[in-house]
1. Output the number of the condition that Lys242 fails; it satisfies all remaining conditions of (1) more than 17 Å from the chain's Cα centre (by Cα); (2) exposed (fewer than 13 other Cβ atoms within 10 Å of the Cβ); (3) not in a helix (DSSP H, G or I).
2. Being of a type in the set (S, T, N, Q), surrounded by fewer than 20 Cβ atoms within 10 Å (Cβ to Cβ) and within 29 Å of Ala41 (Cβ to Cβ): is that true of Asn180 here?
3. Which ranges mark the strands (runs of 3 or more DSSP E) fully within the stretch 35-106 that have 2 or more residues being more than 16 Å from the ligand (Cβ to nearest atom)?
4. Taking the stretch 152-201 as the region of interest, how many residues are outside any helix (DSSP H, G or I) and touching a residue at least 12 places away in the same chain (Cβ under 8 Å)?
5. Being assigned to a helix (DSSP H, G or I) and away from the ligand (no atom under 11 Å from the Cβ) is the requirement here; does Ala121 meet it?
6. For the stretch 46-72: of the residues being in contact (Cβ under 8 Å) with a residue 60 or more places away in the chain and surrounded by fewer than 17 Cβ atoms within 10 Å (Cβ to Cβ), which is nearest to Gln6 (Cα to Cα)?
7. Residues to consider are Glu116, Glu139; find the one that is surrounded by fewer than 19 Cβ atoms within 10 Å (Cβ to Cβ), in contact (Cβ under 8 Å) with a residue 24 or more places away in the chain, more than 14 Å from the ligand (Cβ to nearest atom) and charged (D, E, K, R).
8. If you take the residues of the stretch 124-136 that are in a helix (DSSP H, G or I) and of a type outside the set (Gly, Ala, Ser), which of them is nearest to the ligand (Cβ to nearest atom)?
Amino acid sequence: MWIVDQFFAFHDFAQRSPFVVVGDEPAETVKWRADGTIKWAVDKLKQDYFTDDPKEILDIWLFKDAASYQKHTRLLFNDTPTTPYGYYSREEKALIMNIGTGGGTLVHEIVHPFMEANFPACPPWLNEGLGSLYEQCGEEEGHIHGYTNWRLPGLQQAIKSQRVPAFKTLTAMDTGTFYNDDRGTNYAQARYLCYYLQEKGLLLKFYREFLARHKTDPTGFQSLQKVLAEADMDKFKISWEKYVMGLKQGYEVRVQ
Ligand SMILES: [Zn+2]
């Protein structure tokens, strides 16, 4: 541990690679987040998905509240964040977090540099779907497991008003379309597709299938059809929407 100004930093190359964790909460709290949230999430994500660490050491900045987050993002990175929770900056090789909003976004952002290192061609829907899935997560039978969260009510609303695009459309979205044309449903739709696959016990199978054949199936749509054993994806969307409408925040509903 070392102290820079009012910041505490932790780095243990053997244990916590590939991150340096820096924060302005009390030292014990920063250490607790480094061990409890970051190391746990990295271990669990690597257990199921990722073999390689990001190529470079990344800094995880844990700012204690909104004021510190705004101030230091400007001072250290000359940046104005577009999100109150935190983000991953590839240029700065940093995860920059307002940790006062909770650890969920931190786990979400940890997924991105690992995806970059292990599946650089991963389309935005899966990168954000998986990140979002684990922004509300815990451990089930030794594996990382996503739970229903705050993105659910907005998605249910969009389903009711028939604003959710076809899965063929979602999976084909490039970065610009996914992020810029997000009418509030892209993240949530991707998340609850991943959630559905997880609850059906198909998420890891899908990920591995897609990773193996992404050169011929760059969007993942065919891999999705194969893993779901579903030729008619419009029909699948109807049953998925019904499933999502039956979910409640904070409850697990198993798919039969
Ligand atoms: Zn993200």
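No lab work stands behind these numbers, since they all come straight from the coordinates. In this text the structure is predicted, and so the values were computed from the model without any measurement. Note that we place each Cβ from the backbone using ideal geometry, even for glycine, and neighbour counts take in every protein chain shown.
1. Tallying (1) more than 17 Å from the chain's Cα centre (by Cα); (2) exposed (fewer than 13 other Cβ atoms within 10 Å of the Cβ); (3) not in a helix (DSSP H, G or I), Lys242 fails exactly one: (3).
2. On the way: of a type in the set (S, T, N, Q): yes; surrounded by fewer than 20 Cβ atoms within 10 Å (Cβ to Cβ): yes; within 29 Å of Ala41 (Cβ to Cβ): yes.
Taking the combined requirement at face value, the residue satisfies it.
3. 58-63
4. So the count comes out to 10.
5. Against the criterion (assigned to a helix (DSSP H, G or I) and away from the ligand (no atom under 11 Å from the Cβ)), Ala121 does not qualify.
6. Let us first name the residues in the stretch 46-72 that are in contact (Cβ under 8 Å) with a residue 60 or more places away in the chain, namely 46-55.
Still in the list and also surrounded by fewer than 17 Cβ atoms within 10 Å (Cβ to Cβ): 46-48, 51-52, 55.
Numbers: Lys46: 32, Gln47: 35, Asp48: 37, Thr51: 35, Asp52: 33, Lys55: 29 Å.
Among them, the one singled out is Lys55.
7. Values: Glu116 fails: more than 14 Å from the ligand (Cβ to nearest atom).
Residue meeting the stated conditions: Glu139.
8. The qualifying residue nearest to the ligand (Cβ to nearest atom) is Glu128.
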